[in-house]
4 protein chains.
Amino acid sequence: KRITPATVLSTLPLPRPQVTHKYKEGHLLMICGSRRYAGGAILTALGARASGVGMLSIAVPESLKPILVSHLPEALIVGCPETQTGAIAQLQLPEKTDLSSFHAIACGPGLTKDATAIVQEVIASDRPLILDADALNILAQMGTIATLQKRQATTVLTPHTGEFQRLFPDMPDPKHDRVLAVREAAAQTRAVVLLKGARTAIASPQGLVWINPESTPALARGGSGDVLTGLLGGLLAQAATKQIAVEDIVATAAWWHSQAGILAAQERTELGVDAFTLTQYLMKVLSKPKVKSLL
Amino acid sequence: KRITPATVLSTLPLPRPQVTHKYKEGHLLMICGSRRYAGGAILTALGARASGVGMLSIAVPESLKPILVSHLPEALIVGCPETQTGAIAQLQLPEKTDLSSFHAIACGPGLTKDATAIVQEVIASDRPLILDADALNILAQMGTIATLQKRQATTVLTPHTGEFQRLFPDMPDPKHDRVLAVREAAAQTRAVVLLKGARTAIASPQGLVWINPESTPALARGGSGDVLTGLLGGLLAQAATKQIAVEDIVATAAWWHSQAGILAAQERTELGVDAFTLTQYLMKVLSKPKVKSLL
Amino acid sequence: KRITPATVLSTLPLPRPQVTHKYKEGHLLMICGSRRYAGGAILTALGARASGVGMLSIAVPESLKPILVSHLPEALIVGCPETQTGAIAQLQLPEKTDLSSFHAIACGPGLTKDATAIVQEVIASDRPLILDADALNILAQMGTIATLQKRQATTVLTPHTGEFQRLFPDMPDPKHDRVLAVREAAAQTRAVVLLKGARTAIASPQGLVWINPESTPALARGGSGDVLTGLLGGLLAQAATKQIAVEDIVATAAWWHSQAGILAAQERTELGVDAFTLTQYLMKVLSKPKVKSLL
Amino acid sequence: KRITPATVLSTLPLPRPQVTHKYKEGHLLMICGSRRYAGGAILTALGARASGVGMLSIAVPESLKPILVSHLPEALIVGCPETQTGAIAQLQLPEKTDLSSFHAIACGPGLTKDATAIVQEVIASDRPLILDADALNILAQMGTIATLQKRQATTVLTPHTGEFQRLFPDMPDPKHDRVLAVREAAAQTRAVVLLKGARTAIASPQGLVWINPESTPALARGGSGDVLTGLLGGLLAQAATKQIAVEDIVATAAWWHSQAGILAAQERTELGVDAFTLTQYLMKVLSKPKVKSLL
């Protein structure tokens, strides 16, 4: 299936119900960052901000807290104990909070492979979960298929080609047939799998495959993928109480992300779409007259 | 009574007198933030900035000082000693300053319940006072009605439904009849009470009730309320020497805050009104031709 | 004399010579800030940035260095040893640099009275010097008239009424006759004196008095004065090699500063001109078609 | 040869190939900054961001890491051990990374002369290399001509007149004949040499000389040159796999940088082009209708 504005917009959490409050509009827990890779947490969080999510909690190594507060004053920053290398050693939620407080968890950007314990913990949880970047590499080491088959809740994987190969060493090579590879991966893991690339492909465990037909090479920049993870996390958290297929939400996030890149490239050329700028264009996509008229 | 642009604009501190200086345009003391919840202090302060207040002093735990200076270089940041948990342990004003220097105090966002001492101190003062967030939870533990009846100066409470129930466990349930609940709360505490929600209700001790007829579910985001507290604090400080009923100022702040949300949602959809963005739209409300023509 | 756009624009360093380099376009040394009052250094520096000055060096207490670097990456931040109270203890310039490297010095915002030594040092120097805020209070303690009569180089004082009274306890009260007071102060100190207020008055030692006829009460906000000090410092540094009377440059800075306030108030109402916003409007004054056509 | 929009635009990495990824769009390593001169690293990095480079790694002294992360969340910040004076003591790349990971290296802004070891290391490497600022002063101490004749890979030097004289004490004085001086310097070093000034001149080892005919004295500000170094580094990294002469890329960077200054000066006057503002105008140059139609 091809993603179109119409299919996308039917899955966005719009319009909101007139009577609501922040916890009803989704609570996302992001788990991101390390002393070595700190910026990815900022970019992921700015992606989540743009999703409209009601509440955003961000678990980072304690030493990254000030920088996250400064960029995201509206978020609750959860400082976590650190390993010697500066990775998150364990999740340390505020008192009286546990993972059941969250409608979705987005985990991965900037973690490094030393954050194994926390990745194992969220995989073992019953929460809808997005795994990206180093969380995928840790999952690969745990054994992708065996590990994910034990999960009851929704899982979304967002690998690029290299990560896909590490996750699924025995699968058809995604460089040869992307659709075949992603469909097989989703079927065997019961996860929704988004394979990044010029034509992003998304497969559901039931065998449905979405293709994102439009994108731009302007997005071939460090940090672009982090923005997608945050945006997707925020949408997933908002959809928690609604009857929308997870793969449709993933397709919507992919479309929104690439449209922001396209719009930014139109205004700023293909050289002007660094990942920070990209976060500022997410909202502009929905404000375009053509899109707005469909909302 | 329904809030309208005309009723609102008659209470704004506009036009300013031609001859004035910064201390004549109100000095607000904000008491906000903790190591755990640092961002709320930023958002409250940005709300206060937008109010036009002449001088802004911000008491925060010492460790939050650099981040507040960076966001609000025009404010005087008062670093305070911290409890072991990172809350404000006590108010430590600069030499030769005491609470009588301030025209109003806004207290609450991000404090945690460990900031009991400072909340008790400001409640015991003779300054016009806004209590929000954890300051309300601390007030509830002190005994809301008995405590507030001892105050001589103006008090404003800004609870959401959950906080209202903790403050007034023996009152009519605000979920059933918001107007009844808020009127009763104001009458018994002699405070102006603003009950947050889709239709914000404001009651004066004399029994007058304002309803804010327009709002937007886009404001159902973490941090939205902090912005209101700062905006209201700034307006209250500016009104200190004027003959304007406190409940009218509270109504004005509620209207201004929700109109900023509405305007932002029109331009950015209901997903685009994170609390930081909201602070940037406050000024735009007054700059709208329709509003400006009334000023 | 009344300041008009035409008189002002004839003193601006425009157009620049086609062949020049950064050190020919003025090198300003700012001496500002303390741990207690850190934001004033940022605002002063943003004022100096807007002046167009070729090189900007900013001496601050060592602990303020990161925040200044972040806001002003183009400036050279000189971290200085601190007193126990967090004031600058002494000026510590980089190797092979001394005060003769600078075309002007602007000293005062946020210093606290504990920065006495550095204020004495710059007063004793042969550099054009602007004293503001706590530098004025320190000067008052040194004995204003006796101290300044020993200076050979240009001095500019920028007191508000209270500071004026501390500087000149034996002079006519500026509240009664501003022009008389400021003229007398300039004559006795051989400094150019700018007295802040709704109608800012500027006097030269020779008895010339400029009045800034237009301003806005929107500027009655904390930090507004810091912006003026930086702007004036930058203009003074750029004029170092030119034949322009110092009082004319001071008048130009006062006009530019107040016009920025007026323009911001037109767009954002009188409540919308916090000191940070003011810094962003300085450039817009010169870009207005009516002004630009005169440049 | 005179640089024109047509010659320039033929060397820009536009349009990008439809199928690509971030590592194919160039990986630049910047080596910049010291505790004393920290802001230059930010400005250089913002220049590199504007170039469109796929991946940006920034080596700075460990203590500068937080500030770089905050400004450039999309970059990989490599914290390095520091000398006692706060310079980079040695390059400490992440595990499994060495200099061969990078398509180009830009080295110099803010280093101080204490960063000798790292400058020697990159000169000894086989990577395309830009040397600026203190890296040029260190090179001069090493012996410019003898040192560079040993390099196999591309070298670009970007001195202003003073640095040129230190690099080439025995050459014709660039103040007398810029073209002669720069051509001779390039011939003897086999480097591309860009001599900054009102009419920037660029020479290739083969004797080709480019002149940048248009510039603006508005660029005579601290930090302008840092922006050029970053922009040039990013373009060089993107060109690594293409058949474009290095001197043409250098000419393109010089044109782009000066056009950004010209555009900013048109909108903001010649006083409005501080180096930070300049970084924000780089993208606007390519978005101008006249330029865009050529892309």
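The values are calculated or read from the model by the stated rules, or taken from the named source; none is laboratory data. Being a predicted model, the structure only gives us computed values, none of them experimental. In this analysis, Cβ positions are derived from the backbone assuming ideal geometry, glycine residues included, and neighbour counts consider all displayed protein chains. To get the accessible areas, we keep the full protein, side chains included, count just its heavy atoms, and leave off ligands, DNA and RNA. Shrake-Rupley method; radii C 1.70, N 1.55, O 1.52, S 1.80 Å.
Name the single residue, out of those in the range C:78-115 being part of a strand (DSSP E or B) and among the aliphatic types (A, V, I, L, M), that is nearest to D:Lys113 (Cα to Cα).
Going residue by residue through the range C:78-115, those that are part of a strand (DSSP E or B) are C:78-80, C:82, C:88, C:104-107.
Imposing the further condition that a residue be among the aliphatic types (A, V, I, L, M) reduces the set to C:78, C:88, C:104-106.
On the way: C:Val78: 17, C:Ile88: 27, C:Ala104: 28, C:Ile105: 27, C:Ala106: 29 Å.
Per the stated criteria, the residue is C:Val78.
Quick one: which residue in C:Ala254, C:Ala198 is on the phi < 0 side of the Ramachandran plot and either of a type in the set (Phe, Trp, Tyr) or open to solvent by 40 Å² or more (accessible area, probe 1.4 Å) (or both)?
Values: C:Ala254 fails: either of a type in the set (Phe, Trp, Tyr) or open to solvent by 40 Å² or more (accessible area, probe 1.4 Å) (or both).
When all the criteria are applied, what remains is C:Ala198.
Every residue, every condition in (1) under 17 Å from the mean Cα position of the chain (by Cα); (2) of a type in the set (S, T, N, Q); (3) open to solvent by less than 30 Å² (accessible area, probe 1.4 Å), yes or no:
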| position | (1), (2), (3) |
| --- | --- |
| A:Leu194 | yes, no, yes |
| A:Gly207 | no, no, yes |
| A:Thr229 | yes, yes, yes |
| A:Asp274 | no, no, yes |
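Looking at D:Lys1, D:Lys24 in this structure, which one is among the basic types (Lys, Arg) and more than 28 Å from A:Leu111 (Cα to Cα)?
Details: D:Lys24 fails: more than 28 Å from A:Leu111 (Cα to Cα).
It is D:Lys1.
Quick check on my filter: what residues within the range A:1-30 are open to solvent by 60 Å² or more (accessible area, probe 1.4 Å) and either away from chain B (no Cβ under 11 Å) or not in a loop (DSSP other than H, G, I, E, B) (or both)? Quick ask: steps written out before the conclusion?
To start, the set of residues in the range A:1-30 that are open to solvent by 60 Å² or more (accessible area, probe 1.4 Å) comprises A:1-2, A:6, A:10, A:15, A:17-19, A:21-24.
If the condition is that a residue be open to solvent by 60 Å² or more (accessible area, probe 1.4 Å) and either away from chain B (no Cβ under 11 Å) or not in a loop (DSSP other than H, G, I, E, B) (or both), then A:Lys1, A:Arg2, A:Ala6, A:Ser10, A:Lys22, A:Tyr23, A:Lys24 are the ones that fit.
Check the range C:268-284 and report whether any residue there is in contact with a strand residue (DSSP E or B) (Cβ under 6 Å, 6 or more places away or on another chain) and either hydrophobic (A, V, I, L, M, F, W, C) or under 16 Å from D:Gly272 (Cα atoms) (or both).
At the first step, the residues of the range C:268-284 found to be in contact with a strand residue (DSSP E or B) (Cβ under 6 Å, 6 or more places away or on another chain) are none.
There is no residue in the range C:268-284 that is in contact with a strand residue (DSSP E or B) (Cβ under 6 Å, 6 or more places away or on another chain) and either hydrophobic (A, V, I, L, M, F, W, C) or under 16 Å from D:Gly272 (Cα atoms) (or both).
Working only within the range B:186-204, note down all residues that are of a type in the set (A, V, I, L, M) and in a loop (DSSP other than H, G, I, E, B).
If we filter the range B:186-204 for residues that are of a type in the set (A, V, I, L, M), which is where we start, we get B:186-187, B:191-195, B:198, B:201-203.
Passing the criteria: B:Ala191, B:Ala198.
Could you grab me the full set of residues in the range B:149-172 that are within 14 Å of chain A (Cβ to nearest Cβ), without any contact (Cβ under 8 Å) to a residue 40 or more places away in the chain and assigned to a loop (DSSP other than H, G, I, E, B)?
B:Pro159
Working only within the range A:18-33, note down all residues that are touching a helix residue (DSSP H, G or I) at 6+ places or on another chain (Cβ under 7 Å), of a type outside the set (A, V, I, L, M, F, W, C) and touching a residue at least 40 places away in the same chain (Cβ under 8 Å).
Result: A:Glu25, A:Gly26, A:His27, A:Gly33.
Here is a list of conditions, (1) in contact with a Lys or Arg (Cβ under 9 Å, 6 or more places away or on another chain); (2) modelled with pLDDT of 95 or more, and A:Arg178 meets all of them except one; can you say which number that is?
Checking A:Arg178 against (1) in contact with a Lys or Arg (Cβ under 9 Å, 6 or more places away or on another chain); (2) modelled with pLDDT of 95 or more, the one that fails is (2).
Among the residues of the range A:57-70, how many are surrounded by fewer than 24 Cβ atoms within 10 Å (Cβ to Cβ), touching a Lys or Arg at 6+ places or on another chain (Cβ under 9 Å) and more than 16 Å from B:Gly110 (Cα to Cα)? Step through it out loud before you land on a result.
From the range A:57-70, those surrounded by fewer than 24 Cβ atoms within 10 Å (Cβ to Cβ) are A:57, A:62-63, A:65-67, A:70; that's our starting set.
Filter again for touching a Lys or Arg at 6+ places or on another chain (Cβ under 9 Å), leaving A:63, A:65.
Pick out the ones that are also more than 16 Å from B:Gly110 (Cα to Cα) and you get A:63.
The qualifying residues number 1.
Among the residues that make up the range A:240-249, is at least one of them touching an Asp or Glu at 6+ places or on another chain (Cβ under 9 Å), open to solvent by 10 Å² or more (accessible area, probe 1.4 Å) and either within 27 Å of A:Val192 (Cα to Cα) or of a type in the set (Ser, Thr, Tyr) (or both)? Walk me through how you get there before you give the answer.
The first filter runs over the range A:240-249 and keeps only residues touching an Asp or Glu at 6+ places or on another chain (Cβ under 9 Å), leaving none.
Within the range A:240-249, not a single residue is touching an Asp or Glu at 6+ places or on another chain (Cβ under 9 Å), open to solvent by 10 Å² or more (accessible area, probe 1.4 Å) and either within 27 Å of A:Val192 (Cα to Cα) or of a type in the set (Ser, Thr, Tyr) (or both).
Residues of the range B:149-168 being out of contact with any strand residue (DSSP E or B) (no Cβ under 8 Å at 6 or more places or on another chain) and either within 20 Å of B:Gly222 (Cβ to Cβ) or open to solvent by 20 Å² or more (accessible area, probe 1.4 Å) (or both), which ones?
Residues of the range B:149-168 that are out of contact with any strand residue (DSSP E or B) (no Cβ under 8 Å at 6 or more places or on another chain), as a first pass: B:149-150, B:152, B:162-163, B:165-166, B:168.
Matches in the range B:149-168: B:Gln149, B:Lys150, B:Gln152, B:Gly162, B:Glu163, B:Gln165, B:Arg166.
Of the residues that sit in the range C:49-71 and are in a loop (DSSP other than H, G, I, E, B) and at the interface with another protein chain (Cβ under 7 Å from one of its Cβ atoms), which one is nearest to the chain's Cα centre (by Cα)?
If we take residues in the range C:49-71 being in a loop (DSSP other than H, G, I, E, B) and at the interface with another protein chain (Cβ under 7 Å from one of its Cβ atoms), then C:Ser51 is nearest to the chain's Cα centre (by Cα).
Out of the residues in the range C:116-148 meeting the condition of being touching a Ser or Thr at 6+ places or on another chain (Cβ under 7 Å) and in a helix (DSSP H, G or I), tell me which one is most open to solvent (accessible area, probe 1.4 Å).
So the residue we want is C:Ile145.
Identify all residues within the range D:205-245 that are among the charged types (D, E, K, R) and not in a loop (DSSP other than H, G, I, E, B); write none if there are none.
Taking the range D:205-245 first, the residues among the charged types (D, E, K, R) are D:214, D:221, D:226, D:242.
Hit for the range D:205-245 is D:Asp226, nothing else.
Does the range D:72-96 hold any residues that are away from chain A (no Cβ under 13 Å) and touching a Gly at 6+ places or on another chain (Cβ under 8 Å), and which are they?
Listed by number, the list holds a single entry, D:Ile88.
Could you give me the residue pairs with C-beta distances under 7 Å whose first residue belongs to the range B:270-283 and is under 14 Å from A:Leu46 (Cβ atoms) and assigned to a loop (DSSP other than H, G, I, E, B), whose second residue is charged (D, E, K, R) and open to solvent by 10 Å² or more (accessible area, probe 1.4 Å) wherever it lies, and which are 6+ apart or on separate chains?
Sorted first by the residue in the range B:270-283, then by its partner, the pairs are B:Asp274/A:Arg49; B:Asp274/A:Glu74; B:Asp274/B:Arg221.
Matching residues to (1) at pLDDT 95 or above; (2) under 30 Å from D:Pro61 (Cα atoms); (3) out of contact with any His (no Cβ under 9 Å at 6 or more places or on another chain):
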position	(1), (2), (3)
C:Leu56	yes, yes, no
C:Leu68	yes, yes, yes
C:Glu95	no, yes, yes
C:Leu99	yes, yes, yes
C:Pro109	yes, no, yes
C:Val119	yes, no, yes
C:Ala135	yes, no, yes
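Scan the range A:209-223 for residues that are crowded, with 24+ Cβ neighbours inside 10 Å and within 12 Å of chain D (Cβ to nearest Cβ) and jot them down.
Those that are crowded, with 24+ Cβ neighbours inside 10 Å and within 12 Å of chain D (Cβ to nearest Cβ): A:Ala218, A:Leu219, A:Ala220, A:Arg221, A:Gly222, A:Gly223.
Scanning for something open to solvent by less than 40 Å² (accessible area, probe 1.4 Å) and in a strand (DSSP E or B), does the range A:34-48 turn up at least one residue? Even if it seems obvious, please write down each step before you answer.
First pass over the range A:34-48, keeping only residues open to solvent by less than 40 Å² (accessible area, probe 1.4 Å): A:34, A:38-48.
Next, only the ones that are in a strand (DSSP E or B) stay: none.
Looking for residues that are open to solvent by less than 40 Å² (accessible area, probe 1.4 Å) and in a strand (DSSP E or B), one finds none in the range A:34-48, hence no.
From A:Gln259, A:Gln266, grab the single residue that is of a type outside the set (Phe, Trp, Tyr) and either within 14 Å of chain D (Cβ to nearest Cβ) or within 18 Å of A:Val156 (Cα to Cα) (or both).
Details: A:Gln259 fails: either within 14 Å of chain D (Cβ to nearest Cβ) or within 18 Å of A:Val156 (Cα to Cα) (or both).
Matching residue, one of A:Gln259, A:Gln266: A:Gln266.
Conditions first: (1) over 17 Å from B:Ala251 (Cα atoms); (2) surrounded by fewer than 23 Cβ atoms within 10 Å (Cβ to Cβ); (3) at pLDDT 95 or above. B:Met171 passes all but one, so which condition is the exception?
Looking at each condition in turn, B:Met171 falls short on (3).
Quick one: A:Val179 ticks every box in (1) in contact with a strand residue (DSSP E or B) (Cβ under 8 Å, 6 or more places away or on another chain); (2) crowded, with 20+ Cβ neighbours inside 10 Å; (3) assigned to a helix (DSSP H, G or I) except a single one, so which number is it?
Checking A:Val179 against (1) in contact with a strand residue (DSSP E or B) (Cβ under 8 Å, 6 or more places away or on another chain); (2) crowded, with 20+ Cβ neighbours inside 10 Å; (3) assigned to a helix (DSSP H, G or I), the one that fails is (2).
Mind listing whichever residues of the range A:71-115 are in contact (Cβ under 8 Å) with a residue 40 or more places away in the chain and open to solvent by 40 Å² or more (accessible area, probe 1.4 Å)?
A:Glu82, A:Thr85, A:Ser101, A:His103, A:Asp114
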